[in-house]
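Structure record follows, encoded as structure tokens.
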Amino acid sequence: MITQDSPRNRIPLTATIAFVVLACGLAWLVALPLWLGDGLNHPLAGVLISVMMFTPALAAVLVILVLRPVPKGERLRFLGMWPLRPAKRVIWLSVLGLFGPLVVIVLSIAVASGFGWVELDLIGFSGFNETLEASLPDGIPVPPAGLVIASQLIAIPFAAATINAVMAFGEELGWRGFLVPALRQYGTWPALLISGAIWGLWHAPVILLGYNFGRTDVTGVLFMVGGCVAWGVLLGWLRLRSASVWPAVFAHGAMNAAGAMVGLAYAAGTTFDMALAGPLGVAGWIACALVIVVLVLTGQFRNQPELDGGPGRLLSPRREG
């Protein structure tokens, strides 16, 4: 019997550290023109932020090719890219990844409203209507806010499964593809919490410029770390529960596609702080925590194909002879 703690199943700590340093270093390198220029007002800000999303994937590929912590024939399996087995579980968890974040974000909006962090107008959508009107040239009739919002909500799963999934793959191949299984040898919860914290810190080059929260000091980074830890547990659960990175890719894409939903429902004449009311803010932390409690109470974190003796799983116990 080869146990889960055997050297064959372990990723050397040096490889894990190299991945983190590379991912974060490359992110700062890509964001450097923003710091040397006009920050988020830089004409190429959108392009650079998109490129930055692929730095975790590049770091994972470099570490695997150069340091070779995973045997050549098992690399795609370790990263959760292939094979898609068990297929039924991967498919259903991918569907959950597409639609689950929308439910969590709606829950976070309800939490934010309950705590008074945002004032909602779910009948006239006056805040969004005001924003929509201001965005149109003079003389252009304003379409019904409800119709625009409905079209955006319908588009979320499609965006999550296409362009947003492509962008999210750049991050997920690194965070949930490489880092979570690399840390899994230290236990499920250390893997999920540490990977989430690193994911949050990786965002620092743009968060310190005011991205997401409009804060340009360490508090913005701390809010991002909190949000990434909370969401990272859910994305990491999808990764471990499915033995595949794809459900996490779709969930990350859906999270990004639906991240501004609170801006569709607030009341005109009011403001809200994304650090409190946003999905990565405190309301999002609470919503994620509620879902995590349900998953824990139903034993979902104990059911991991890598730990169930699934054939060929890199992290599963192996038998010899």
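Some values worked out for this structure:
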item: Boolean, ARG184 is in contact with a helix residue (DSSP H, G or I) (Cβ under 6 Å, 6 or more places away or on another chain) and either at pLDDT below 95 or among the charged types (D, E, K, R) (or both); result: yes
item: Count - residues of the stretch 115-171 that are open to solvent by 40 Å² or more (accessible area, probe 1.4 Å) and among the β-branched types (Val, Ile, Thr); result: 8
item: The stretch 76-109: number of residues that are open to solvent by less than 30 Å² (accessible area, probe 1.4 Å) and of a type in the set (Phe, Trp, Tyr); result: 1
item: Any hit, the stretch 216-225, residues being assigned to a helix (DSSP H, G or I), on the phi < 0 side of the Ramachandran plot, under 10 Å from the mean Cα position of the chain (by Cα) and of a type in the set (Gly, Ala, Ser); result: no
item: Output for the stretch 63-75, where each listed residue is in a helix (DSSP H, G or I), open to solvent by 60 Å² or more (accessible area, probe 1.4 Å) and closer than 21 Å to LEU22 by Cβ; result: LEU65, VAL66, LYS72
item: Any helices (runs of 4 or more DSSP H) falling wholly within the stretch 95-173 and containing at least 1 residues that are more than 30 Å from ALA243 (Cα to Cα) and over 15 Å from the mean Cα position of the chain (by Cα); result: 126-135, 145-161
item: Every pair of residues 6+ apart whose Cβ atoms lie under 6 Å, when the first sits in the stretch 24-47 and is closer than 13 Å to ILE207 by Cβ while the second is of a type in the set (S, T, N, Q) and assigned to a helix (DSSP H, G or I); result: ALA27/THR55
item: Set ALA60, ALA27, ALA112: member being in contact with a Pro (Cβ under 6 Å, 6 or more places away or on another chain) and either open to solvent by less than 60 Å² (accessible area, probe 1.4 Å) or aromatic (Phe, Trp, Tyr) (or both); result: ALA27
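Here is a yes/no grid of residues against (1) in contact with an Asp or Glu (Cβ under 8 Å, 6 or more places away or on another chain); (2) open to solvent by less than 10 Å² (accessible area, probe 1.4 Å); (3) modelled with pLDDT of 95 or more:
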residue: GLY196; (1), (2), (3): no, yes, yes
residue: LEU201; (1), (2), (3): no, no, yes
residue: LEU209; (1), (2), (3): no, no, yes
residue: GLY226; (1), (2), (3): no, no, yes
residue: PHE250; (1), (2), (3): no, no, yes
residue: MET255; (1), (2), (3): no, no, yes
residue: THR270; (1), (2), (3): yes, no, yes
residue: ALA275; (1), (2), (3): no, yes, yes
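The values are calculated or read from the model by the stated rules, or taken from the named source; none is laboratory data. Computed from a predicted structure; not experimentally measured. We place every Cβ from the backbone using ideal geometry, glycine too, and count neighbours over all the protein chains shown. In case anyone asks, the SASA skips ligands and DNA or RNA and just uses the protein heavy atoms, side chains included. Shrake-Rupley method; radii C 1.70, N 1.55, O 1.52, S 1.80 Å.
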